[in-house]
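The values are calculated or read from the model by the stated rules, or taken from the named source; none is laboratory data. Just so you know, these numbers come straight off a predicted model, no measurement behind them. Here the Cβ positions follow ideal geometry from the backbone for every residue, glycine too, while neighbour counts run over all protein chains shown.
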């Protein structure tokens, strides 16, 4: 994510650290018996069952973030980010601060990678991430979500090869 005007070193470090901590907390929720895992596997569920499960997932994430020491003002927005990512099968793999804040998102299948692409193209991912960033700063910076085309294409190619569907 790039910011105009720049956030400043301290703000970028705070945002990065909060995403990192929240990512660790949420990743610990993914056990074989968890609601997260059940929801992600529940492709035969009705839309009503999925809606109830999604609400329960948000409650579980919110509780875990609060128990993990995430500041209360950040919990709602972080819950929305992680709930939407998890529903799509996307996992926060790593966070670092470079010339901006870099989030590495794991997509284990082509379908999940395409889900991420749709979140990016629809603006949903940017909106979710922007809501979190704005909790840290008073000004209203312009936040730009940058996805390197070569990273996306390389991931797509790799997943196709692993799946035995080599691109021609």
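Would you say residue 129 is buried (at least 19 other Cβ atoms within 10 Å of the Cβ), in contact with a helix residue (DSSP H, G or I) (Cβ under 7 Å, 6 or more places away or on another chain) and either closer than 29 Å to residue 157 by Cα or at pLDDT below 80 (or both)?
So residue 129 passes the test.
Can you confirm whether residue 104 is at pLDDT 85 or above, at negative phi and surrounded by fewer than 16 Cβ atoms within 10 Å (Cβ to Cβ)?
yes
Determine if region 102-109 includes at least one residue that is under 9 Å from the mean Cα position of the chain (by Cα), part of a helix (DSSP H, G or I) and either under 14 Å from residue 19 (Cβ atoms) or touching a residue at least 60 places away in the same chain (Cβ under 8 Å) (or both).
no
What number goes with the only condition from (1) outside any helix (DSSP H, G or I); (2) under 17 Å from the mean Cα position of the chain (by Cα) that residue 69 does not pass?
(2)
Restricting to region 1-23, give me the number of residues that are at pLDDT 70 or above, within 19 Å of the chain's Cα centre (by Cα) and more than 13 Å from residue 79 (Cα to Cα).
Residues flagged as at pLDDT 70 or above, within 19 Å of the chain's Cα centre (by Cα) and more than 13 Å from residue 79 (Cα to Cα) within region 1-23 amount to 7.
Need the failing condition index for residue 65 against (1) more than 16 Å from residue 135 (Cα to Cα); (2) modelled with pLDDT of 90 or more; (3) buried (at least 16 other Cβ atoms within 10 Å of the Cβ), just the number.
Among (1) more than 16 Å from residue 135 (Cα to Cα); (2) modelled with pLDDT of 90 or more; (3) buried (at least 16 other Cβ atoms within 10 Å of the Cβ), residue 65 violates only (1).
With the requirement that a residue be modelled with pLDDT of 65 or more, surrounded by fewer than 14 Cβ atoms within 10 Å (Cβ to Cβ) and either out of contact with any helix residue (DSSP H, G or I) (no Cβ under 7 Å at 6 or more places or on another chain) or under 14 Å from residue 79 (Cβ atoms) (or both), what does region 28-43 give you?
Within region 28-43, 28 is the sole residue that qualifies.
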